[in-house]
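Let me give you the structure first, and then I'll get to my questions.
The values are calculated or read from the model by the stated rules, or taken from the named source; none is laboratory data. Computed from a predicted model, the values in this text were never measured in an experiment. Backbone-built Cβ (ideal geometry, glycine too); neighbour counts: all protein chains shown.
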Amino acid sequence: MYVADSRNTPAATAPGTRPGRRSAVAPTVIALGTVSLVTDISSEMVTAVLPLYLVAGLGLSPLGFGLLDGLYNGVSALVRLVGGHLADRGGWHKAVAVAGYGLSALCKPALLLVHSLPLIGAVLALDRTGKGLRTAPRDALISLSSTPETRGRAFGLHRAMDTAGALLGPLAAFLILRQAAEAYDAVFTVSFCVAVVGVLVLLLFVPSRHTPCPVAPGAVAAPLPPAATAPGHRPSLREALRLLRRPDLRRLTFCALLLGLATVSDSFIYLLLQSRLHVPDRWFALLPLGTAATFLLLAVPLGHVADRVGRWRVFLAGHLALLAVYTLLLTSFDGSVLPYLVLALHGAFYAASDGVLMAAAADVVPAPLRSSGLALVQTGQAMARLVCAIAFGAAWTAWGDRTALTAAAVALAACAAGTILLRPALDRTA
């Protein structure tokens, strides 16, 4: 633990000064990025083969897969508030993150022991519980270690390193399956070993104490009561929920939720692309590589652009890229360039939305409640995507994939148009 605590370096320069090249990103951000890189190699090895394993191997219907995919991506929303509150209440950001990463690691070998759909769903729910516990405290550590002027770049760098893991994970799964067809047990075993390495990096290299940075200049954040900022104060759950009284955070959360209702999950995008192009099963695990590669290339540049021109503008532009993905999958164009366009736009969507949203939320949430505030935004978005996964799977089962995707495209266009009405209030941090 001495290694981690000895790296408790202030984020950068004093507020109001322009950070130098060396202080643009704090060492804590790099350490957390390394943790996410290693952990994503582990998790994406499983994620890359899971849709094919469930649909082709177990014969799951699109509705059944939608329910399971919604569970996989939405159950974390139920515990994000808990993880965020625990981290803020005791200042245990690192401890809660370690618990979350550790729980997810333990779920990897558990997949070797279960074969029925209910038990697989239970293991995936536990895995997402771990993700829900760790996400808000981890993002809070990133924001608390960064100055307001560099948060977009800090989150962009973290997401880029995270995505490097997402790029390597499917490749590792593909190489394992190439050596032995349907060797899912080997994939799950290697995934567990890699996840353990990620937990060790977090324990050894991420400090437990941080000097909070203020909110961004120009951001609207009502001051907390004096008691809430007193030394030793433990924020209550009521104080965390009261954050939604802040106009900017409430609007940001509502917009993220609204757009999440029309965000089709990655797995469905890859299944649709495989259906359109008749991709052989053995190549399916490579489809996420296109998304991850684009995400990796664009995360830092778009984070920098968000710091300069406004984070909400970049976030909204990312969803327009997702709308272009839906449109391309609906067209009759079957050229060889189609998969590259779809996966590139899909990666651009994530690069413009994932870390950028957290940077925007951090601007309007005070440091004592940073983890809880980020958890509120993440929870709204995750619950919306849970509803979308179930609804899309049901529509695909009832009316076919094209009708379901057409409905999603219309819904996304309508939601994007609706959020434009709230955009000016959210762009004052530019």
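Where residues in segment 272-286 are surrounded by fewer than 17 Cβ atoms within 10 Å (Cβ to Cβ) and under 15 Å from VAL49 (Cα atoms), which of them is farthest from the chain's Cα centre (by Cα)?
Restricting to residues being surrounded by fewer than 17 Cβ atoms within 10 Å (Cβ to Cβ) and under 15 Å from VAL49 (Cα atoms), the top hit is PRO280.
Conditions first: (1) modelled with pLDDT under 90; (2) at positive phi. ALA382 passes all but one, so which condition is the exception?
Here ALA382 meets the rest and fails (2).
Pairs needed: first member in segment 78-99, within 14 Å of GLY130 (Cβ to Cβ); second member anywhere, in a helix (DSSP H, G or I) and among the charged types (D, E, K, R); C-beta distance under 6 Å; at least 6 residues apart or different chains.
ALA97/ARG134; ALA97/ARG138
If you don't mind, another one. Which condition breaks for VAL25 when tested against (1) part of a loop (DSSP other than H, G, I, E, B); (2) modelled with pLDDT under 75?
Checking VAL25 against (1) part of a loop (DSSP other than H, G, I, E, B); (2) modelled with pLDDT under 75, the one that fails is (2).
Right, another one. Restrict the check to segment 355-366 and report whether at least one residue is in contact with a Leu (Cβ under 9 Å, 6 or more places away or on another chain), more than 18 Å from VAL25 (Cβ to Cβ) and surrounded by fewer than 24 Cβ atoms within 10 Å (Cβ to Cβ).
Looking through segment 355-366, at least one residue is in contact with a Leu (Cβ under 9 Å, 6 or more places away or on another chain), more than 18 Å from VAL25 (Cβ to Cβ) and surrounded by fewer than 24 Cβ atoms within 10 Å (Cβ to Cβ).
How many residues are out of contact with any Ser or Thr (no Cβ under 7 Å at 6 or more places or on another chain), more than 21 Å from ALA361 (Cβ to Cβ) and crowded, with 18+ Cβ neighbours inside 10 Å when one looks only at segment 287-320?
6
Also, quick follow-up: Working only within segment 329-344, note down all residues that are within 24 Å of the chain's Cα centre (by Cα) and farther than 16 Å from SER265 by Cβ.
Within segment 329-344, PRO339, TYR340, LEU341, ALA344 meet the criteria.
Which fully enclosed helices (runs of 4 or more DSSP H) of segment 334-428 have 2 or more residues being under 19 Å from ALA321 (Cβ atoms) and free of Cβ contacts under 8 Å to residues at least 40 places away in the same chain?
Correct list: 338-362, 401-420.
Can you name the number of the only condition in (1) at pLDDT below 85; (2) more than 30 Å from PRO207 (Cβ to Cβ); (3) in contact with a helix residue (DSSP H, G or I) (Cβ under 8 Å, 6 or more places away or on another chain) that LEU119 fails?
(3)
Out of segment 170-206, which residues are at pLDDT below 85 and not hydrophobic (A, V, I, L, M, F, W, C)?
PRO170, ARG178, GLN179, GLU182, TYR184, ASP185
List pairs: first in segment 255-268 and within 18 Å of GLY64 (Cα to Cα), second aliphatic (A, V, I, L, M), Cβ under 6 Å, 6+ apart or cross-chain?
Listed by first residue and then by second, the contacts come to VAL264/ALA408; SER265/ALA389.
Sort out which residues of segment 28-67 are small (Gly, Ala, Ser) and modelled with pLDDT of 75 or more, and write them in order of number.
Result: ALA31, GLY33, SER36, SER42, SER43, ALA48.
Within segment 162-202, restricting attention to residues that are of a type in the set (Asp, Glu) and in a helix (DSSP H, G or I), which residue is surrounded by the fewest Cβ atoms within 10 Å (Cβ to Cβ)?
ASP185
Looking at segment 294-320, which of its residues are modelled with pLDDT of 90 or more, within 17 Å of the chain's Cα centre (by Cα) and either over 27 Å from SER43 (Cα atoms) or of a type in the set (Gly, Ala, Ser) (or both)?
ALA299, GLY303, VAL314, LEU316, GLY318
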